[in-house]
Amino acid sequence: MAGLNSASAISAVGLRKSYGEKLVLDGVDLEVVEGSVFALLGPNGAGKTTAVQILSTLIGADGGRVRVAGHDLAREPDAVRSVIGVTGQFSAVDGLLSGRENLRLMADLRHLGRAAGRARTAELLERFDLADAADVLVSTYSGGMRRRLDLAMTLVGDPRLIFLDEPTTGLDPRSRRTMWEIIRGLVADQGVTIFLTTQYLEEADQLADRIAVLDHGKLVAEGTAQELKRLVPGGHVQLRFADPAAFRAAVGALSHTLEDIPRDEDALTVQVPSDGRVRSLRALLDLLDAQSVEAEELSVHTPDLDDVFLALTGRPRTPANTDTDTATEKAVTR
Ligand SMILES: Nc1ncnc2c1ncn2[C@@H]1O[C@H](COP(=O)(O)OP(=O)(O)OP(=O)(O)O)[C@@H](O)[C@H]1O
Ligand SMILES: [Mg+2]
């Protein structure tokens, strides 16, 4: 985690970009501290890739002032290029070459020299768990292996600042965790700065020191995961009862400590504000126990970044999950 006086790896003010009539980035300000992980979070079409392409000198902006690693992006693009690495959203590896050949090619492009290139290639294959598959065609690699090779290719040039455009989209949970470990290792061991984009709130939560939420080309929030979570209503415990008598008894028991208990008489449920900790759950159950009331089911609802996105934009993260999955639900049934 970076301190207060740390230098800026990326500093952008009023970044703008349009494609024809379409305004893609509408005045975006970004500040990324050296040695930190910054996540740009947003749904499909939010403008994430466009932002990465501009910050990594691949395309020009229409407006705004940007400094990357201390260099003016517009006036010193070559100086910026020499210290950054980019892993694009879509794999850039050549399927008709082996993993080793892809890395050697990159080492040649980076003018590493024969011996150094060979050593770097071997080291990266080992580190990314690709040594066994080093000499087979990349077209036979799994998605996770391909993504690891993508990142290995980016690291050939020893960049100080790495852009990762959706590094884990399409990966299974295990491959995703492996990628997270690799990213954490880069920051912890080598002090690199990571600018990543993701559609996954959990990913931003897991990796990022700071998170910016991009929606329709505008930042709708920026802060630590904790700060963003504070923007949404607190957590609660939901209790469900087996029959109306138990439900009424519970409401009666709880009304001694709570004035207005959110409840659903048809579903026989009540919602009690809670931090979700074991101690408070036990106190709640003890309270009911003292009145001989037993809950049929208990579930803990902790606000997470999905709730943040919903609260900030008025929409769930993706059109597909309109009614479920907007929070971490942990159900316990007796
Ligand atoms: N070269 C281009 N020409 C025209 N429109 C473009 C171009 N590149 C991007 N756009 C448009 O800009 C908007 C933002 O695209 P961008 O790729 O930056 O989004 P994204 O946040 O990366 O989305 P995804 O999560 O799907 O990767 C989209 O509406 C897209 O259609
Ligand atoms: Mg994209």
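FYI, it's all coordinate maths here, none of it is from the lab. Here the structure is a predicted model, which means the values were calculated and not measured. Here the Cβ positions follow ideal geometry from the backbone for every residue, glycine too, while neighbour counts run over all protein chains shown.
Provide the convex hull volume over Cα atoms per residue for the stretch 236-302, in Å³. Intermediate values should be presented prior to the final figure.
On the way: hull volume 5.1 nm³, N = 67.
Per-residue hull volume (Cα only) is 76 Å³.
Please state the charge dipole magnitude for the stretch 43-84, taken about the Cα centre, from unit charges on C-beta atoms (+1 on K and R, -1 on D and E), reported in debye and rounded to the nearest 20.
On the way: 5 positive and 4 negative charges, 22 e Å.
Computed charge dipole of the stretch 43-84: roughly 100 debye.
With each label point set 7 Å from Cα along the Cα-Cβ vector, what nm distance links Thr302 and Leu258?
About 2.0 nm, to one decimal.
Between Ala267 and Arg184, what is the FRET efficiency for a Förster distance of 35 Å, r being their Cβ-Cβ separation, to the nearest 0.05? It would help to have the intermediate numbers written out before the result.
Details: r = 42 Å, r/R0 = 1.19.
So, using R0 = 35 Å, E works out to roughly 0.25.
Between Leu97 and Asn44, take the C-beta separation as r, use R0 = 25 Å, and let me know the FRET efficiency to the nearest 0.05. Walk me through the numbers on the way to the answer.
Details: r = 31 Å, r/R0 = 1.23.
Computed FRET efficiency for Leu97 and Asn44 comes out at 0.20.
Rounded if a/c is under 1.5, else prolate if a/b is larger than b/c, else oblate: which is the stretch 90-167, with a ≥ b ≥ c the root eigenvalues of its Cα gyration tensor? Numbers along the way, then the final one.
On the way: a/c = 1.62, a/b = 1.13, b/c = 1.44.
In terms of gyration-tensor shape, oblate.
Residue by residue through the stretch 181-188, what is 3J(HN,Hα) from phi via Karplus (6.51 cos²θ - 1.76 cosθ + 1.60, θ = phi - 60°)? Round to whole Hz and write x for glycine and proline.
Along the stretch 181-188, the couplings run 4, 4, 5, 4, x, 4, 6, 5 Hz.
Per DSSP H run of at least 4 residues, take -39500 (n - 2.57); add these up for the chain, divide by its residues and hand me the 222 nm value, nearest 500 deg cm²/dmol. Numbers along the way, then the final one.
Values: 11 runs with 114 residues, N = 334.
Rounded to the nearest 500, the figure is -10000 deg cm²/dmol.
Express in nm, to one decimal, how much length is gained between Lys22 and Ser292 on full extension, taking 0.36 nm for each residue of separation and deducting their alpha carbon distance.
Stretched fully, the Lys22-Ser292 segment lengthens by 90.9 nm.
Using label points projected 7 Å from each Cα along Cα→Cβ, tell me how many nm separate His216 and Ser139, to one decimal.
Each label point lies 7 Å from its Cα, and together they span 4.4 nm.
Which ³J(HN,Hα) values, rounded to whole Hz and listed in residue order, are derived for the stretch 148-156 from phi using the Karplus coefficients 6.51, -1.76 and 1.60 in 6.51 cos²θ - 1.76 cosθ + 1.60 with θ = phi - 60°, glycine and proline given as x?
Once θ is set to phi - 60°, the couplings for the stretch 148-156 become 5, 5, 3, 5, 4, 4, 5, 7, 3 Hz.
Compute the Rg/Rh shape ratio of the chain: radius of gyration over Kirkwood radius, all on alpha-carbon atoms. Write out the running numbers ahead of the final one.
Details: Rg = 24.6 Å, Rh = 22.6 Å.
So for the chain, dividing Rg by the Kirkwood Rh gives 1.09.
Assign unit charges at the C-beta atoms only (+1 for Lys and Arg, -1 for Asp and Glu), then state the dipole size of the chain relative to its Cα centre in Debye, rounded to the nearest 20. All intermediate terms of the calculation are to be shown ahead of the outcome.
Working: 37 positive and 49 negative charges, 244 e Å.
It comes to approximately 1180 debye.
Give, rounded to the nearest 20 debye, the magnitude of the charge dipole that the stretch 1-125 has about its Cα centre when Lys and Arg contribute +1 at Cβ and Asp and Glu contribute -1 at Cβ. Let's see the in-between values first.
Values: 14 positive and 13 negative charges, 69 e Å.
Here the size comes out at about 340 debye.
To test your reading of the geometry: what angle, between 0 and 90 degrees and rounded to tens, separates the Cα axis of helix 99-109 from the longest principal axis of the chain?
Helix 99-109 and the main axis of the chain meet at about 60 degrees.
Using the beta-carbon distance between Asp132 and Arg110 and R0 = 22 Å, what value does 1/(1 + (r/R0)^6) give for FRET efficiency, to the nearest 0.05?
On the way: r = 25 Å, r/R0 = 1.13.
The pair Asp132/Arg110 has a calculated efficiency of 0.30.
Under 15 Å from the Cβ of Leu73, count the other residues' Cβ atoms, weight Lys and Arg +1, Asp and Glu -1, and hand me the total. Kindly include the intermediate steps, with their values, before the conclusion.
Details: positive: Arg16, Lys17, Arg65, Arg67, Arg75, Arg81; negative: Asp29, Glu31, Asp62, Asp72, Glu76, Asp78.
For residues surrounding Leu73, the net value is 0.
Using C-alpha positions alone, give me the convex hull volume of the stretch 160-203 per residue in cubic angstrom. Each step should come with its number before you reach the end.
Numbers: hull volume 2.8 nm³, N = 44.
Output value, Cα hull per residue: 63 Å³.
Thr169 to Ala242: extension gain in nm, 0.36 nm per residue of separation minus the Cα-Cα distance?
Values: separation 73, 0.36 × 73 = 26.28 nm, distance 4.17 nm.
Full extension of this stretch gives 22.1 nm more.
Taking the Cα of Arg160, stepping 7 Å toward and past its beta carbon, and measuring to each backbone N in the stretch 72-96: which are under 14 Å?
The answer is 72, 79-85, whose backbone nitrogens lie closer than 14 Å to the label point.
If each of Ala79 and Arg279 carries a label point 7 Å out from its Cα toward its Cβ, how far apart are those two points in nm?
Label-label distance for Ala79 and Arg279, simple model: 5.4 nm.
By count of other Cβ within 10 Å, fewest leading, how are His256, His236 ordered?
Working: His256 8, His236 19.
Taking fewest neighbouring Cβ atoms as first place, the list is His256, His236.
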